[in-house]
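I have placed the structure first, in the form of structure tokens, so that the comments after it can refer back to it.
The values are calculated or read from the model by the stated rules, or taken from the named source; none is laboratory data. Computed from a predicted model, the values in this text were never measured in an experiment. For neighbour counting, all protein chains shown are included, and Cβ atoms are generated from backbone atoms with ideal geometry for every residue, glycine included. Each accessible area value is taken on the protein alone, full model and side chains, heavy atoms only, with ligands, DNA and RNA left out. Shrake-Rupley method; radii C 1.70, N 1.55, O 1.52, S 1.80 Å.
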Amino acid sequence: MTSPSQVLARAAALRAGFEEAGAQVVETPVLQPADTLLDLYGEEIRARAYVTSDALRGEQMLRPDFTVPVVQMHMADGAEPARYTYSGEVFRRQEHDPSRANEYLQVGFEVFDRANVAAADAEVFALFAQAVAHLKLRAATGDIGILMAAVRGLQTSDARKAALLRHIWRPRRFRGLLDRYAGRVRPSEQRIALIEGKAAPCKAPLIGRRRQSEIDQRIDVLRADAAEPPIAAGEVDLLDALLGVREMLPFAHQQLSDLAMDMPNISGAVSRLAARTEALASRGVDVDALPFEASYGRTSMEYYDGFVFGFYSAQRPDLPPLATGGRYDALTQRLGDDDAAIPAVGGVLRPDLIVQLEASQ
């Protein structure tokens, strides 16, 4: 059994390690304004957030994560470059798995630095790897930016690409859309009737929040989409090949480089992967033994848009990841402006899970 004091002590030690690495300690309020944050976190966290409201402050939520509030703080008045660390409780509903904690400590480290993106990625990963090295965890890495670049390069409408990009973090929905856009799935009879204008006119009163103009607009969107030619089978096959890349990092890079010959849009992201690999090696990371999965990170935070990583217990596969992180450049742009946007990467650790594993070893 572990005690709260052990968890607090481990959290303090982890935060002290990040302070030694040059991070400034910051704090954020437990109660956060919900309107902006819920949109930024995406559907997965939105469904698990504790939300409340009052007449003065409007809709509020218990802090589900530190990254977005820290980015807001930095974009408001932070100096550049900057490194931050923090420790505190986060809250997430666990209605589908009551065995998982709905309140736990998080310790994090965030880097805002445009000087060398690859070096910043390597810095964060190496520090987290060092923090959990004694636990012999399984590392996982990926790069959401490569998949996003591949989707943007598809020969199809901007609307279709936007829909696929929006659902990258929902693999089943993404697959369904891709198959439909490729003509591999027949639309429902109701959808066909709407598109072809054969649906019976609705004489019943409208129920819900959608106005008739919004319904008509949606039908127009469906008709425009139906007029689009299907995504070519060869493009879908290339995307499937990319999603299937799962190798140790050097071999994964070689496979992605080969795919870039036929998918030129991913060339920049693959070059960034190569630079990151070199930076990781310079930090002492054994890149020859570091796994890379092109699909990794697609069920994590929706603000990640580049390098992603996690550390897992092979002995306790029932546990959530003990550490996760990644790059979120676009988030700083959304919370700042085009001129203020700055490359950023970071991650969080679960001291409660670390103490639990330490006690069992």
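The residue among Ala16, Ala79, Pro4 whose Cα reaches farthest toward the positive pole of the charge dipole of the chain, with charges on the beta-carbon of Lys, Arg, Asp and Glu, is Pro4.
Set the Cα radius of gyration of the stretch 111-185 against 2.2 N^0.38 Å, with N its number of residues, and you get 1.55. For the peptides 51-63, 96-108, 132-144, 11-23, the ranking by mean Cβ contacts within 10 Å, running from highest to lowest, is 132-144, 11-23, 96-108, 51-63.
Over the stretch 52-182, accessible surface divided per residue gives 43 Å², non-protein components excluded, 1.4 Å probe.
Among the helices of the chain, those built from whole DSSP H runs whose Cα atoms reach 18 Å or more along their own axis and whose mean Kyte-Doolittle hydropathy is at least -0.5 are 4-20, 117-131, 267-282.
When the chain is treated as a GNM with alpha-carbon contacts under 10 Å, the residue of Leu349, Leu273, Leu290 showing the greatest mean-square fluctuation is Leu290.
Normalising the average separation of contacting C-alpha pairs (under 8 angstrom, six or more residues apart) by the number of residues puts the relative contact order of the chain at 25 percent. Volume per residue for the stretch 38-123 equals 136 cubic angstrom (convex hull of Cα atoms). Counting heavy atoms of the protein chains alone, Thr299 has an accessible area of about 110 Å² for a 1.4 Å probe. Within the listed set Arg184, Arg298, Arg114, the Gaussian network model of the chain (springs between alpha-carbon atoms below 10 Å) gives the highest mean-square fluctuation for Arg184. Computed over Cα pairs, the Kirkwood radius of the stretch 321-361 leads via Stokes-Einstein (1.567 mPa s, 4 °C) to a diffusion coefficient of 106 µm² per second.
So what's the back-of-envelope 222 nm ellipticity for the chain, counting only DSSP H runs of four-plus at -39500 (n - 2.57) apiece and dividing by all residues, rounded to 500? After summing the helix terms and dividing by the residues of the chain, the value is -13500 deg cm²/dmol. Rounded if a/c is under 1.5, else prolate if a/b is larger than b/c, else oblate: which is the stretch 1-86, with a ≥ b ≥ c the root eigenvalues of its Cα gyration tensor? Oblate, since a/c reaches 1.5 and b/c is not below a/b.
Above 24 Å lies some portion of the pair distances; for the stretch 225-322, what is it as a whole percent of all C-alpha pairs? Tail fraction, whole percent: 33. Kirkwood hydrodynamic radius of the stretch 1-146, from the reciprocal of the average inverse Cα-Cα distance over all distinct pairs: 17.2 Å. In terms of overall dimensions, the chain has a Cα radius of gyration and Dmax of 22.4, 69 angstrom. Of the residues Leu239, Leu177, Thr67, the one whose Cα sits farthest toward the positive end of the charge dipole of the chain, with +1 on the Cβ of Lys and Arg and -1 on the Cβ of Asp and Glu, is Leu177. Other residues whose C-beta falls under 11 angstrom from the C-beta of Tyr50 contribute a net charge of +3, scoring Lys and Arg +1 and Asp and Glu -1.
Tell me the carbon and sulfur percent of the accessible area for the chain, rounded to whole percent, probe radius 1.4 Å. That share works out to 51 percent.
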